[in-house]
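Novice: Below is the structure I would like to discuss, written out as structure tokens.
The values are calculated or read from the model by the stated rules, or taken from the named source; none is laboratory data. Worth saying up front: this structure is predicted, and the values here are computed from it rather than measured. Ideal geometry is used to build each Cβ from the backbone, glycine not excepted, and the neighbour counts take in all protein chains shown. Side chains included, ligands, DNA and RNA excluded: accessible areas come from the protein's heavy atoms. Shrake-Rupley method; radii C 1.70, N 1.55, O 1.52, S 1.80 Å.
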Amino acid sequence: MTWLAADDLLGPVPLELDLQLKLAGERLGSDSLAVTASALLEGYAWALARPLFAALAAGGPAPHLAAGNVLLAFAGGRLAEVAVLSPAPPPGGAAGAVARLVGDHLALLVARLAERRVRRGPRALWGLVANGCAAAVLAEAQAAGLPAGETGRLLDAPGRPLPAPAVLQTGPDGQPRLVRRRVTCCLNYTVAGQPCATCPLLPPAETRRRLLTLA
């Protein structure tokens, strides 16, 4: 596995980003740039946000995830691992760490994808970021055994420009779990043939039904 500086991926001539979009298309079996960019962006946001929200869920110092402090490892056009160069937390506590994650890293990826004319507007691109971040929050909150109230606090952390995801409580009696409903469709239905369970194209009742079936 080869490590790449995030600054190189997101620089003014992001040839590596073009390569990762191509590899994502090969993995997904799609030649649509809208599909591959959506998958790469949502997965990138999820993988990048996980170490931050794991630290916040555990009550520890948050990592500094600005692009200049991060190394990335990809597999098939998907961000697989993240490494932080300097362990020093950013100033501003949790809010400062989230600001670096969003404003000093994910915003750069959104801008580079917009330049590539991926046929997804700013609202859709930021919705995909919100999808990935909310999924990371819920995964890490569940892993830490946090109650719903604490999970809600973490979900509030990203703030603007991320739209708020809808969170559904699903699961059999005695085993409720929180699941985020996507803000923006990831377009995977064009490959899979049907929307995923958390797709905003589905009514919330259908989302709950599908998730209960999977539980």
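Novice: Please find, within region 177-215, the residue that is surrounded by the fewest Cβ atoms within 10 Å (Cβ to Cβ) out of those that are without any contact (Cβ under 8 Å) to a residue 40 or more places away in the chain, closer than 21 Å to Val137 by Cα and of a type in the set (Lys, Arg).
Specialist: Arg177
Novice: Being farther than 18 Å from Leu72 by Cα and without any contact (Cβ under 8 Å) to a residue 12 or more places away in the chain is the requirement here; does Gly127 meet it? Lay out the reasoning, then the answer.
Specialist: Numbers: farther than 18 Å from Leu72 by Cα: yes; without any contact (Cβ under 8 Å) to a residue 12 or more places away in the chain: no.
Criteria not met by Gly127.
Novice: Another one. Could you list all residues from region 29-48 that are at pLDDT below 95 and part of a helix (DSSP H, G or I)?
Specialist: Matches in region 29-48: none.
Novice: Let me spell it out: the conditions are (1) of a type outside the set (S, T, N, Q); (2) open to solvent by less than 40 Å² (accessible area, probe 1.4 Å); (3) farther than 24 Å from Cys186 by Cα, and Leu40 meets all of them except one. Which number is the exception?
Specialist: Of (1) of a type outside the set (S, T, N, Q); (2) open to solvent by less than 40 Å² (accessible area, probe 1.4 Å); (3) farther than 24 Å from Cys186 by Cα, only one is false for Leu40: (3).
Novice: Looking at region 84-121, which of the residues that are assigned to a loop (DSSP other than H, G, I, E, B), touching a helix residue (DSSP H, G or I) at 6+ places or on another chain (Cβ under 6 Å) and open to solvent by 30 Å² or more (accessible area, probe 1.4 Å) is farthest from Ser32 (Cα to Cα)?
Specialist: Looking at the filtered set, the residue picked out is Ser86.
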